[in-house]
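Note sheet for the following structure.
The values are calculated or read from the model by the stated rules, or taken from the named source; none is laboratory data. Only a predicted model underlies this, so the values are computations on that prediction, with no experimental measurement involved. Don't worry about glycine lacking a Cβ; one is built from the backbone with ideal geometry, like all the others, and counts go over all protein chains shown.
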Amino acid sequence: MDYRVISIGCLAAHPLWGERAPARTGHATTTLILAEGRRILVDPGLPPQVLTARLSERANLAPDDITDLFFTSFQPDTTRGVDAFTNADWWVSREEREAVGVAMAQRLRAIRTGEGIEAGAEDDELGAVLERGVAILQRSNVVDGELAHGVFAFPMHGVTPGLTGLLIEGTRFTTLVCGDAIPTVEHLDGDRVLPAAHDLDGAKASMQEALEVADLLVLGRDNLAVNPGKRPF
């Protein structure tokens, strides 16, 4: 069992830095997990060309070497690079797929039928984005329990309806790939969640559960971090 951070992500607007509007292009931290012949890439948030280069630089792998993509949540920041990995199996939680997929399909239908929406170039552009999102979700498998040997789906619902991390059981330490449930080290140290969470109380409960379970945390928009409550080992 092995894992490594391929690319450190960032928030478009970091609320704990006092930012209220986008200051940069947000993208998720991308993590590679190697487990008994499986090569699982979590949250491919960079554009395909950039992510392909990072994968080569950090792990000496090409896109076709990846067997699985896993989305902790479903948004552009976690799925931007999927087109590089057409040979992989794609995974997302059932709750996330259903919640996001239904909303996308309804909005797309409204645009295509013109129900309450004025036709125009902006609607065409949004429609194309929604069509892409629906297509990705339709292709994605539902993860349930163990994704690979020693790698388990870990529900962290709250920031999004079905946000789900991956718990990696090591011989010495337990590592949790958190997604946006714990986005940055500032959120970790301040015991804070993203203010725009779908379910704020649920997000706080998920963060506390993560801190009870994991020794090491791969943060959704930051690097690998030690659980403050687990120091020293």
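If His149 satisfies every condition in (1) under 16 Å from Phe70 (Cβ atoms); (2) crowded, with 17+ Cβ neighbours inside 10 Å; (3) of a type outside the set (Gly, Ala, Ser) but one, which is the exception?
(2)
Could you say which residue among Arg58, Arg80, Arg54 is surrounded by fewer than 16 Cβ atoms within 10 Å (Cβ to Cβ), over 18 Å from Val143 (Cα atoms), basic (Lys, Arg) and in the same structural domain as Phe154 (by TED's automatic domain parsing)?
Testing whether each residue is surrounded by fewer than 16 Cβ atoms within 10 Å (Cβ to Cβ), over 18 Å from Val143 (Cα atoms), basic (Lys, Arg) and in the same structural domain as Phe154 (by TED's automatic domain parsing) leaves just Arg58.
Find the helices (runs of 4 or more DSSP H) located wholly in region 2-115 whose residues include 3 or more that are in contact with a strand residue (DSSP E or B) (Cβ under 6 Å, 6 or more places away or on another chain) and either modelled with pLDDT of 95 or more or of a type in the set (Asp, Glu) (or both), and list them.
So the answer is 48-59.
How about region 163-193: which of its residues are surrounded by 24 or more Cβ atoms within 10 Å (Cβ to Cβ) and among the small types (Gly, Ala, Ser)?
The answer is Gly165, Gly179, Ala181.
Suppose we filter region 83-110 for residues that are closer than 26 Å to Cys10 by Cβ and surrounded by 17 or more Cβ atoms within 10 Å (Cβ to Cβ); how many remain?
12
What is the residue count in region 156-200 for residues that are under 19 Å from Val142 (Cα atoms) and without any contact (Cβ under 8 Å) to a residue 24 or more places away in the chain?
Of the residues in that region, 0 qualify.
Within region 120-213, which helices (runs of 4 or more DSSP H) (wholly inside it) include 3 or more residues that are touching an Asp or Glu at 6+ places or on another chain (Cβ under 9 Å) and not hydroxyl-bearing (Ser, Thr, Tyr)?
It comes to 185-190, 200-213.
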